[in-house]
Structure formats: C-alpha cells, structure tokens
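Student: Before we start, here is the structure in question, set down as structure tokens.
The values are calculated or read from the model by the stated rules, or taken from the named source; none is laboratory data. For clarity, every value in this text was computed on a predicted model and none was experimentally measured. Positions of Cβ are generated from backbone atoms using ideal geometry, with glycine treated the same way; all protein chains shown enter the neighbour counts.
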Amino acid sequence: MSGVTLSNLSKTYNPGSKDSFHAVKGIDLEIRDKEFMVLVGPSGCGKSTTLRMIAGLEEVSSGDLRIGERRMNDVLPKNRGIAMVFQNYALYPHMSVADNMAFGLKLRKTPKSEIQNRVQEAADILGLTEMLGRRPKALSGGQRQRVALGRAIVRKPDVFLFDEPLSNLDAKMRVQMRAEIAKLHARLNATMIYVTHDQTEAMTMGDRICVMKDGKIMQVDEPIRIYQSPDNLFTAGFIGLPQMNFLKGVVEEDATGVHFVISGVQELRVKLTDQLSGIARSNRAVPLTLGIRPEHFALCTEDDPAAIPAEVEVGEPLGAESYIHLLSKSGDKLIVRLSGIIQSGVGQLLCVKPDLENAHLFNSETGQRL
Amino acid sequence: MSYEKVLHLFTKLNRMPSYMYITVRCVCILLLPFVVGVISLVGSEDLSAISIRTTDFAPSPDAVFSIQGKAEMAVYRAFREKYPNIYPEGNSLSLTLEGPAGEAPLLMSIAGRTAPDVIHVNSRQSGSYIGRNFLVPLDEFINAEITKEAAIAAGIYDENVMYRDELEARVRPQIWDAVSRIGDDGKRHFYFLPFSYFVRVMACNKTVFQEAGLDPDVDYPKTWDELASVAQQIQSPEDDRYGIILGKEGGAGWTSLPFFFSMGSKIVERDESSGQWVARFNDEGAIRAADFYTKLVDAPWTDERGNQRFGVGLSDEAWPTWDRGRIGMALLYINDILINLDDRISSMSPEELGLVPIPVAPSGKSVTELHVRGLGICATTEDPDRMDAAWKFLRFVGSPDAEGVIVRTYVENGYASYINPEKLAQHGYSEYIHTVPKQWKDTLEFSLENSLPEPFGENCQVYIERASKPLQTAFSEGLPRIEDEATRLSRLQELYDSAVMEINEKMLGQVPPDVMAFRRKVALAVMLLVALSFAFLFAYIWRLFSGGGAETKMGFQGWLKKYWLAYALLAPALLAILVFNYYPLVVGARMAFLDYNVIGDSSFIGVDNFAAVLFDSVFWISLLRTAEYVFWSILLVFIPPIVLALFLSEIPKASVLFRVLYYLPALVSGLIVMLMWKMFFDPSEAGALNQVLAVLDVGPQKWLQDKSQAMVSIIIPLAWAGMGPGCLIYLAALKTVPEDLYEAAAIDGSGFWSRIWHITLPTIRPLVMIQLIFVLIGAFQSADNVLVMTAGGPDLATHVIGLEIFYGAYVYLRFGVAIAIAWILGFFLIGLTMFQMKRISRMSFTTASS
Ligand SMILES: Nc1ncnc2c1ncn2[C@@H]1O[C@H](COP(=O)(O)OP(=O)(O)OP(=O)(O)O)[C@@H](O)[C@H]1O
Ligand SMILES: [Mg+2]
C-alpha cells in the first residue's frame, strides 16, 4: 500500500525573512495506491513545491506527509521509496546511459547481476538497448527523457514523481512520450504523481486531476468530472480549450419565467431552464456568472428566448467544426464551437443560444459553482 | 632608477593569475637587461661632462649612516674636486639575493650591457670575470715595467699612467697574481686595482676569557692545541658561555680557510705545465686542517665537572650570541685602515676586544685569508672618454690621496685610536699612534704579511659552495666523534678526494679524455632524444590544431580572398610571438652547443654542455628537489583550493565572507608575499611563526634554514597566496553544476562524499586537469620564488632545477650549460604540454550543459 497522503501540508520559503513566501497553503490531498494523479495549475501555483516536498527535496513547513502508512516529513529522499523525473532530465553527463540508470542501485549496493538485469529490462521497455553505452550528450531530447524514465524505473519505487517531464520536447515527441508514460503506468502498476501545466496531458493521463491555484487546491476529481462539473470559476476556466465562456449578470423573475440578465452595454435576457431556475431563484441576491463551454452553443433565430445576438469578430472554420469569436451585444467576448463549416464574415450579426442543460451558474463573488 | 621602474612593473604584473604571471615574469626577467639598456640609451648626456657609473664610492642615500659610508662620500667629494667634469653615479642594482646568487644582478646587467663602468671585483670573482672578458685589461693605463722616475728619465712619462712604484704601493705582493694574468702574448695584464684590504684574525671577547678564569692578554691561543684547550675552558653552556663560533653548514668551507692556508694547502693552484687551474685541497695539510676543524666543531671531550661534551663552540647561526657577548672567540675580518670596521667588533672597546693572529698550525705557520676589495672597468664601457674617466676614478679611490681623505674622516669622527698606525703616520696623525692598542696593531701587521688571497682561479665562486661539502658530510657522519685518528683521516681523505675531483670537473672543467669521450656519447644520445621529442611535440601540436583539409580544395587564391583579413589582423600577434618567443628559442638552441661568452667570442663545443649537465651530481640533486617541489606544490597549492571550493559551495551562509577572506591574500603582490613570509619564517624566537608556535608550546623552528623544512616553507606562501584565486576559479565552475543533478543524486541515494565524488568533481574535472597542468608546469619551472626565499639552500635542500639554470647562467656564467639544462627541463615537460594541448584543442569555449 503506497498511497500518498498530504494533510494540511504547507510550505513557506525563507520563513521569517523579508522575502518569506507562502508557496503551499495547507493542502489536503489523498493520492490512492497505484493512482495516476496529475497536478495542474498556472505557473507559480505551487505544483513543483508540492511535488518536491513529497520527494523530500524541500522541507515541509507544516502539516503531514505520508507515503503508505509512514510519516515521511523528516525522511531522507533516498529512503522514501520514490523516484523522480525532472524537466531537464538531470542525467549525469559524465556517465553512460547504463551507468546513469545503475547509479542509484549501485549506491544501494544492489548485486551486480541484479543491476544488469534491471537496466536491461528498463532499456528494453524504453527502447534504449542500443544506446546503453552512450553519454547523455549523444542523445536526443526524447531519448534523454527516456533515460531519465529508465533511471526511475530500475529503482522500482513505490511512487513515481514527474515534474513537467515532457515540456522540453517537441509536440510530436510529447504525444508519443505521453502515451509511453501512460503505458508504463499500466505496466508498472505504481503510484504516479505528475506535475504539468498542460491540460491535455492532465486530461489524457490522469486517473484524477488536482487543480491548484496560489498554493491551494481548487478541485480534485476525475478528468471528465472536472470538465463537466467544475467546482469553481477557476477550474472551469482553467480546464478546457478554448476556455469556457463566462457571462456576468443577475437573476430576474417575471411572469414568463426566470431570466438571467446579462449586464453590459446592452442588457440581454436569457430564459433559464427549470433546473437552473431553481438554483438561480435561491441566489437572487448575489451577482452571478453563467458559464457555457464553446461547444454548448447553437445558432438560433433572433426571437429565441435564450438568443444572444452578437457580431462576428473572427471565424475559424476547421473543417469538421468551426470556432467563431463573437462580441455579444452586451459587450462580452464569446467563443462558440459549431459543427460543420460556418461561413461568416467579420461584423456579420449572428444569434447563438446556449445549451443551458450544460451551463453552469457560479457565484461571481466566491467563484463557487451553485 | 630605471631598474626600480621595472620592478614596479613586476609588482603590477602580480595581479594576474599565477600561471600567467609566472610566464610574464619569466619573460620580463629575460627582457630586463634589454629594457634597462633602452632606458639608459635614451638618457642624454652633457657633452663636456662625462658621467660614469660605479658600484662603489658613489653617493647613496644611506651613506651617512655608517662611518664607512661617510668616508666613501669624502672620497667621492675629493674626486669631484679633482675632476670636476667627471660625474660618478651610483648603480641602483639593489636587488639582494642570498649566498652566491648575490652576484647575479651585476652579472645580469653585464649580460644586458647595462652594467656600471666601474665594477666591484674581489679575488674570488676575478678569475671568472677575466675568463669571461668582463674586465677591460688596464694595459694602456698601467706600466709595470718601469718606475715613474725611469719614465721621466726616458721621456715617456704620462701623468695618466700608473708606474711600477705606484702599483707596488697599492698591490700587496700576494695578490699580484690575482689582479693580473699572464696573457697569451706572454705579458702580464692588469684587470683591477684594490682599494681596500681585509684580513681574518682571531677576535677574542676578553670579558668571556676573564669569566672563564683566563687572562685574555696572555692566555689567548697561540697554537692549534691551545685553541682547542682554551675553547674547552671557555665552553660552558650552563653558564651561557661558548668557546668559539664556527661554520658548520654551507659556510664551513669559508670559515676553515685560514686553517687550510696555515697547513700549506694551496686550495686551488695554477698548474705550471698546463696553465690550467686545479683544485688541490686534498693534500695532506688540508686533511689535517679539516680534521682539526671538524674536531673543534664536534669532537667528544669531558669537562671538569665530568660532563660529556661535543665540540667547543656554536655554529654560525649563533652570531646573535656573539653579539650579546657570550662567545669567547670568532674568526673575523679586520681592515687595513680602520681596524675594527667589521660590525661584529666595531662596538667593542679595546678593553673588551682582543685581536690576535690565527693560531700557529702544526706546520709552524699561521697564514690567514686576505680579502681584497677592488675595482675594475667593465668591458661594456667602450667609449674611450668614459674609459678614461673610469680609470681616473678607480685609480683615485685607492690612491694615497683618497686614503688620506678616509683617514681624515675617521679621525675627525673620533676613530683615531682604531686606525692602522702606519696609515696614521703616513697621513700626518702621528699624535694618535700611541692610542692604538698594540695588540691590534701587531696582529694587523702580522696578518697582512702572513696571508693569502681567496682562491682566484676561474669559477672559484663554486669553490666556496663546494668546499663545505666534505666538512658537512663529515659532520653528518659523526666523523669527529671517532677516536681513531687514522680512521678519521682516511675517511676525510676520501671525502676530499671526491670533492676535489668534482670541483675540478665542474669548476675547472677537467675530465680525463677517455671519461670525456664516454660522456660525450651519452650526452649525444640524450641530446638526440631531447631533439626528437621536441620535433615529435611540434608535429603533434601541428596535427592537433590543423583541422583537416577542408580548405585545400579552395586553392591559394580563394583561400587568400576568404581569409586575408583574419590573417592580417593576426599578423602583429604572430610576429610578436615569433620575435619574442621563437627567435630566442632558436638562438638559445644554438647556445646549448657553445661555450658561450657574454663578451667576446664563443667557441663551439658540441655536446659538452649536455655532458657537463648529465654528469653533474648537482643537476641530479636539483631534479630530485624539483620532484619534491612538485610533490609539495600538488599537495599544498593544487589540492587545497579544490577542497576549499567544495566546502565553500556547500556552506549555505556567509560564503561570500569566506570567499573574500580567502581571496584577500591574492591582493598582495608576489614578490611582497615572498619577502613577507621570509620575515614570518625568521628562525629566532622573535619570528612571527615561531611566536605562534610558542603559544602552542612548540619550540622555535628554523624554517627556511632547516634542510627538512625549507622546501615546505617555500611552498607555504604559494599555497597561502594561491588559495583564494584558485578557489574562486573552482567556485565559478561549481556554480555551473545544475542543481537538479544534485537533487537527482540525493534521490538516488548519494551522501556528501558520494555526491562530491560522482557529481561535483566530474563536472569540474576539465578545469581541475588544466589547473593541475598549470601548477605542474609552474612548479617545474619555478626559480624566482626559491631564489628570493632561500636561493637553493640550505645545503641544496631547495636547489630546484629552475634555480640550477639561473645559477648556471648568472652566477657561474655558463650560459651554454644553463641552456642545456633548460632543454632537458623542457624535455620533461613535453608530456605535460602534449596533454595540455590536447585538452585545449578539445575545448570549445562555450558553456555547455546537458
Ligand atoms: N526556493 C524558493 N524560494 C522562494 N520562493 C520560491 C522558491 N521556489 C519557488 N518559490 C516560489 O514559490 C511559488 C511556487 O513555486 P513552484 O515552483 O512550486 O511553482 P510551479 O507551480 O511549479 O510553477 P511552474 O509551472 O512555473 O513550474 C512561486 O511563486 C515561486 O516563486
Ligand atoms: Mg514547476
């Protein structure tokens, strides 16, 4: 059993000094055994710090860190049963590929034959057999990252830690390596914690995703659930490309039903569905934000009760679908995704209506989904 | 003046990285004579006035501080009065070096043609100076055939010429052969004229005599046996009283000289048949003298109280003990004008100081050593007017007129009672004669009569150095403690036989023909090996750097078109390297095969220089010393900065402070570092380091003067000064090690040592290798710092090969031999150089990270 449990984990850099910085602010996270957990979030949100605390490369300021049953706060990195893959590979430049992989085992006084078997095995898995004698200098970026993976694999750790391992690779290589790491996870059956700021990686690789912001966890859930029901404005905006559209407004009720009144240059009224109406009604007093993903729009006529009239700013027909950037009458920018090729000229007036079954209402002030 | 400017330049240069600055400094030392020459050429001259430069009797800032300086100034003024258009100037060759190296600055300036016109000569140097054509024969100024009267009678009298009578008045008979040589033309040529005489006598501290129950005026030693017994009577370390002060180390040969003379040993003699100089100090008299001398120093005896003792005195580091009046006797110089001129006795009154002749030897004779101070005209003075002025000057300063001025100065300063009565009478101060102690007067008179000059054959500088060796060996073997006289004598005979053979070989170049033939064969083989290695090196470097034939297809035209600008820009640098590096190299290569003379013709002697080097024990000793030097350099200069840098890079806090602290010494320039540490190494209890040791309850160490400590002591200042800069270079390199490498290693399980060994060191390894090579090459070539610190002593303990080259060239004036050594040294460095070149050719001058 080697899940990883963070309880109220905090990190303050340079405590007590002028430039003290609270990078991780008391997070709770339970990573299950054999789970692939992805930490995402914007730059500087504390992903690496969290990962490095797990690795033991940064001291934990407060809170508890457990791997399996054991409290690891003060355990040396080498004794935590972890292996880490770094963004810049961190290969030992003066050692051959084989030696790079074997280094940790040698330090652990693993028998020679055992080392050789493990290195051979890892090389086979990663297709490095041909390169075992080379120095890292003589390898491509993808190959180097594979060596770094190999170095982690041969150690047979309980937990793999990755800190943006693919960000130095080109797009094609990244896709390939992504698949390889996923395969590896399936094959090795180990717990993996993977830091990235690339949401595609997060969505495709993770069993669960942990979204972070400013040293706090915003949401932890399976990728699809994060996509479909983001807990807050931040997660909603962070996951999904193009971004979810946000419209600010208030709720008004009249005889025809509950309306979401989009405030702006020109007030627009969108009639809510029954499901949303219930939520809206109980939050009449607060400013709200309506969130709709680009794919949840459809063209409509001007007289549709949920119609949002808008002007085309840019049209991007991609073949199977088209992205259209709009400026609504209320003055909000919208991106909508429509299937098929939609021919639209700049400045052309278009009416779109949101698919309110898949729309979300947020409290603008707290950012929480209602 | 000009020399100081150059020295100043030196100090500036010292701020460069050490390896660079050592090279630059070596180049500077080589260029020094030229620079000084150019500067002195620029100085313009007043047409009617003639200025000459001289080593003695010129105005100098510290002349007023000594009575001797005052007298010399008076002579200078008298000269100026007599010859108002001649301006003698001083020569500020104020660089002082230890031991025999002390003569080197003058020799360097002669080689660079910047020497003074009038140079100081003593009999020991005269052979080499004359042999090397450094001195102008004074033929046109001296006529030794006839007297002045005869010249007048014959109508050929010239006021500017010194005739026989004046010459005889000035040159004592026993140094006639030292100041002149019979030339190839069968005539006697004079090369220098004395201006002052010193003789060695036995100085007795009367107070000490009285303390020991002796009457100093009666019981002073008259024979060797008495010398031993009187010294025994005085010797009583319990009472802080010692018999006699005697040289034990490098000075032993010189101290013991009067004993050898008294036993009739000729030391060095001109072989009448061959006309060659031959060392002769292994004759029976010499062995007896050596036996007596070594027994004085270390023979076992039992004092009245029954204490077992060895020797009857202290060795020559004990001068401070003499100065505080606790030693009974010492061999010291007295002067033929002011008897107690020597600092060691000048402050003692006639009541305290007894001066008696050297005790009579079993041979029945007492012969002491006569030291002559003289002046000659340097051969670099070619202008007839200057030559004439120089002659007038050196003739004047030793003339009765000048002597009168000197005597007057002494008398006026209250020294009348210490002046040679003969001189007092001569210059009109007879009233003081009775005040001069009779014993002093008699001793001076006797000693001047019964004295011989120091050996004056060619290369006799070596004699002083080498003549101590058999004595030193005898001491270290405990020879004087052996009771059986026959055993002692036969062993001494062996030691002296081999010393004589060595001197004859090294100093006088005498080797039996069959031995020489063999040596030439060996030398030829070695020389060819050296030459081949160099050819190979050049080929290797050429191949390394000429990067393949990409341009060959281009043709010369295209090549020229493409690269002309690059080569044009490169040209000045190339030219400078050719002129300043390769031209001297080629000229130097030729010199290795010449019996090179700085002045006059040099003859081709084939591989004899190499033969001389390879069969000289000192050369091999110097190789051994170099190995020691290299070893300590690696241990103390090369490794500590690496270790320090590693630790500093590990220290999270205050590392900037440490860096500054360690770097500060580097701000002190090289020569000053050496001189400063030389002060720290003061062997007395007052020495800075000894005071530190005293705090730790460790007794005073002799540092530079101790054979076993000298080498380390030389390296310590280098370590001290090199620590900071070396460390900084590594620290900079350590900064380039990516942090995540350390993190990866930490996760892999590296501890402190494993991290340093597997991550840090490999990353800075190229730099470490290059630094190692710089340190190695620097260590192999080092000479300047050793010269300043110990000049190779004590007893060759720090005589590294670079110093052997320096001595060969500038002390023994055997440039050919020196260059031959330099080539052999180069040969040893070939391997290192190739390695270094390979490294450099592989360096791409970028900062690459994985
Ligand atoms: N050693 C440090 N000292 C002080 N502050 C630090 C240190 N390391 C990181 N920080 C700060 O802590 C915050 C979190 O850094 P962290 O490296 O965890 O971000 P991240 O989420 O990994 O970002 P990125 O995606 O850019 O890698 C940042 O604001 C950063 O400036
Ligand atoms: Mg990061």
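Student: Considering every residue within segment B:670-690, establish whether at least one is within 14 Å of chain A (Cβ to nearest Cβ), without any contact (Cβ under 8 Å) to a residue 24 or more places away in the chain, surrounded by fewer than 17 Cβ atoms within 10 Å (Cβ to Cβ) and acidic (Asp, Glu).
Tutor: No, there is no match, as no residue in segment B:670-690 is within 14 Å of chain A (Cβ to nearest Cβ), without any contact (Cβ under 8 Å) to a residue 24 or more places away in the chain, surrounded by fewer than 17 Cβ atoms within 10 Å (Cβ to Cβ) and acidic (Asp, Glu).
Student: Just wondering, is there one or more residues in segment A:267-280 that are in a loop (DSSP other than H, G, I, E, B) and farther than 15 Å from A:His296 by Cβ? Steps first, please.
Tutor: The first filter runs over segment A:267-280 and keeps only residues in a loop (DSSP other than H, G, I, E, B), leaving A:267, A:272-273.
If we keep only those that are farther than 15 Å from A:His296 by Cβ as well, we get A:267.
Looking through segment A:267-280, at least one residue is in a loop (DSSP other than H, G, I, E, B) and farther than 15 Å from A:His296 by Cβ.
Student: Hey, can you tell me all the residues within segment B:396-452 that are surrounded by 22 or more Cβ atoms within 10 Å (Cβ to Cβ) and out of contact with any helix residue (DSSP H, G or I) (no Cβ under 8 Å at 6 or more places or on another chain)?
Tutor: Residues satisfying the conditions are B:Thr443, B:Leu444, B:Ser447.
Student: Being within 14 Å of chain A (Cβ to nearest Cβ) and either under 22 Å from B:Val656 (Cα atoms) or out of contact with any Asp or Glu (no Cβ under 9 Å at 6 or more places or on another chain) (or both): is that true of B:Val768 here?
Tutor: The answer is yes for B:Val768.
Student: Just one of A:Asp64, A:Asp28 is within 27 Å of A:Gln199 (Cα to Cα), away from ligand 2 (no atom under 12 Å from the Cβ) and either modelled with pLDDT under 95 or touching a Ser or Thr at 6+ places or on another chain (Cβ under 6 Å) (or both); which is it?
Tutor: Unique residue meeting the criteria: A:Asp28.
Student: Criterion first (closer than 25 Å to B:Lys423 by Cβ, surrounded by 20 or more Cβ atoms within 10 Å (Cβ to Cβ), outside the structural domain of B:Phe393 (by TED's automatic domain parsing) and touching a Ser or Thr at 6+ places or on another chain (Cβ under 9 Å)) does B:Val201 satisfy it?
Tutor: no
Student: From the list A:Lys183, A:Lys156, which one is without any contact (Cβ under 8 Å) to a residue 60 or more places away in the chain, within 14 Å of chain B (Cβ to nearest Cβ) and loosely packed, with under 14 Cβ neighbours inside 10 Å? Please lay out each step first, then the result.
Tutor: Working: A:Lys183 fails: within 14 Å of chain B (Cβ to nearest Cβ).
Answer to the selection: A:Lys156.
Student: B:Gly376 is checked against (1) among the small types (Gly, Ala, Ser); (2) closer than 17 Å to B:Lys222 by Cβ; (3) under 28 Å from the mean Cα position of the chain (by Cα) and fails just one. What number does that condition carry?
Tutor: Of everything listed in (1) among the small types (Gly, Ala, Ser); (2) closer than 17 Å to B:Lys222 by Cβ; (3) under 28 Å from the mean Cα position of the chain (by Cα), B:Gly376 misses just condition (2).
Student: Can you tell me how many residues in segment B:613-625 are closer than 19 Å to B:Val530 by Cα and either modelled with pLDDT of 90 or more or part of a helix (DSSP H, G or I) (or both)?
Tutor: Start the filter on segment B:613-625 by keeping residues that are closer than 19 Å to B:Val530 by Cα, which leaves B:613-616, B:619-620, B:622-623.
Restricting the remaining residues to those that are either modelled with pLDDT of 90 or more or part of a helix (DSSP H, G or I) (or both) gives B:613-614, B:619-620, B:622-623.
Of the residues in segment B:613-625, 6 are closer than 19 Å to B:Val530 by Cα and either modelled with pLDDT of 90 or more or part of a helix (DSSP H, G or I) (or both).
Student: With respect to B:Ile130, is the statement that it is within 14 Å of B:Arg188 (Cα to Cα), surrounded by 15 or more Cβ atoms within 10 Å (Cβ to Cβ) and free of Cβ contacts under 8 Å to residues at least 60 places away in the same chain true?
Tutor: No: the conditions fail for B:Ile130.
Student: Suppose we filter A:Pro111, A:Pro93 for residues that are out of contact with any His (no Cβ under 7 Å at 6 or more places or on another chain) and buried (at least 16 other Cβ atoms within 10 Å of the Cβ); which single one remains?
Tutor: Matching residue, one of A:Pro111, A:Pro93: A:Pro93.
Student: Whether any residue in segment B:753-760 is away from every other protein chain (no Cβ under 14 Å) and of a type in the set (Gly, Ala, Ser) is what I want to check.
Tutor: No, that holds for no residue.
Student: What are the residues in segment A:34-48 that are surrounded by fewer than 22 Cβ atoms within 10 Å (Cβ to Cβ) and within 14 Å of ligand 1 (Cβ to nearest atom), if any?
Tutor: Of everything in segment A:34-48, those that are surrounded by fewer than 22 Cβ atoms within 10 Å (Cβ to Cβ) and within 14 Å of ligand 1 (Cβ to nearest atom) turn out to be A:Pro42, A:Ser43, A:Gly44, A:Ser48.
Student: Shifting gears a bit: Being within 14 Å of chain B (Cβ to nearest Cβ), more than 13 Å from ligand 2 (Cβ to nearest atom) and farther than 29 Å from A:Ala186 by Cβ is the requirement here; does A:Asn8 meet it? Show your work before the answer.
Tutor: Values: within 14 Å of chain B (Cβ to nearest Cβ): no; more than 13 Å from ligand 2 (Cβ to nearest atom): yes; farther than 29 Å from A:Ala186 by Cβ: yes.
So A:Asn8 does not fit the description; no.
Student: Further question: If you take the residues of segment B:270-295 that are without any contact (Cβ under 8 Å) to a residue 40 or more places away in the chain and closer than 19 Å to B:Val511 by Cβ, which of them is surrounded by the fewest Cβ atoms within 10 Å (Cβ to Cβ)?
Tutor: Per the criteria, the residue is B:Ser273.
Student: Among the residues of segment A:106-123, what is the count of those that are part of a helix (DSSP H, G or I) and not hydrophobic (A, V, I, L, M, F, W, C)?
Tutor: So the count comes out to 9.
Student: Against the condition closer than 23 Å to A:Met212 by Cβ and either away from ligand 1 (no atom under 16 Å from the Cβ) or among the charged types (D, E, K, R) (or both), how does A:Ile31 come out, does it pass?
Tutor: Here the answer is yes, as A:Ile31 does meet what is asked.
Student: Is it the case, given these coordinates, that B:Ala611 is among the aliphatic types (A, V, I, L, M) and within 30 Å of B:Asn133 (Cα to Cα)?
Tutor: So B:Ala611 fits the description; yes.
Student: Scanning segment A:56-66 for residues that are among the hydrophobic types (A, V, I, L, M, F, W, C) and out of contact with any Asp or Glu (no Cβ under 8 Å at 6 or more places or on another chain), which turns out surrounded by the most Cβ atoms within 10 Å (Cβ to Cβ)? Steps first, answer last, please.
Tutor: Kept after step one, since they are among the hydrophobic types (A, V, I, L, M, F, W, C), are these residues of segment A:56-66: A:57, A:60, A:65.
Among the residues that remain, those that are also out of contact with any Asp or Glu (no Cβ under 8 Å at 6 or more places or on another chain) are: A:60, A:65.
Numbers: A:Val60: 18, A:Leu65: 21.
If we take residues in segment A:56-66 being among the hydrophobic types (A, V, I, L, M, F, W, C) and out of contact with any Asp or Glu (no Cβ under 8 Å at 6 or more places or on another chain), then A:Leu65 is surrounded by the most Cβ atoms within 10 Å (Cβ to Cβ).
Student: Now for a different question. Need at least 3 residues that are basic (Lys, Arg) and modelled with pLDDT of 90 or more per element, so show me which strands (runs of 3 or more DSSP E) inside segment B:237-285 make the cut, counting only ones lying wholly within it.
Tutor: none
Student: Before we move on, is A:Ala148 in contact (Cβ under 8 Å) with a residue 12 or more places away in the chain, surrounded by 15 or more Cβ atoms within 10 Å (Cβ to Cβ), within 14 Å of chain B (Cβ to nearest Cβ) and small (Gly, Ala, Ser)? Outline the logic, then answer.
Tutor: Values: in contact (Cβ under 8 Å) with a residue 12 or more places away in the chain: yes; surrounded by 15 or more Cβ atoms within 10 Å (Cβ to Cβ): yes; within 14 Å of chain B (Cβ to nearest Cβ): yes; small (Gly, Ala, Ser): yes.
It is true that A:Ala148 is in contact (Cβ under 8 Å) with a residue 12 or more places away in the chain, surrounded by 15 or more Cβ atoms within 10 Å (Cβ to Cβ), within 14 Å of chain B (Cβ to nearest Cβ) and small (Gly, Ala, Ser).
Student: If you don't mind, another one. Given the condition within 13 Å of another protein chain (Cβ to nearest Cβ), more than 21 Å from B:Arg839 (Cα to Cα) and of a type in the set (A, V, I, L, M, F, W, C), answer yes or no: does some residue in segment B:728-743 qualify?
Tutor: Scanning segment B:728-743, I find at least one residue that is within 13 Å of another protein chain (Cβ to nearest Cβ), more than 21 Å from B:Arg839 (Cα to Cα) and of a type in the set (A, V, I, L, M, F, W, C), so the answer is yes.
Student: So, one more: Is segment A:183-199 home to any residue that is modelled with pLDDT of 90 or more, within 16 Å of ligand 2 (Cβ to nearest atom), in contact with a strand residue (DSSP E or B) (Cβ under 9 Å, 6 or more places away or on another chain) and among the hydrophobic types (A, V, I, L, M, F, W, C)?
Tutor: Yes, because at least one residue in segment A:183-199 is modelled with pLDDT of 90 or more, within 16 Å of ligand 2 (Cβ to nearest atom), in contact with a strand residue (DSSP E or B) (Cβ under 9 Å, 6 or more places away or on another chain) and among the hydrophobic types (A, V, I, L, M, F, W, C).
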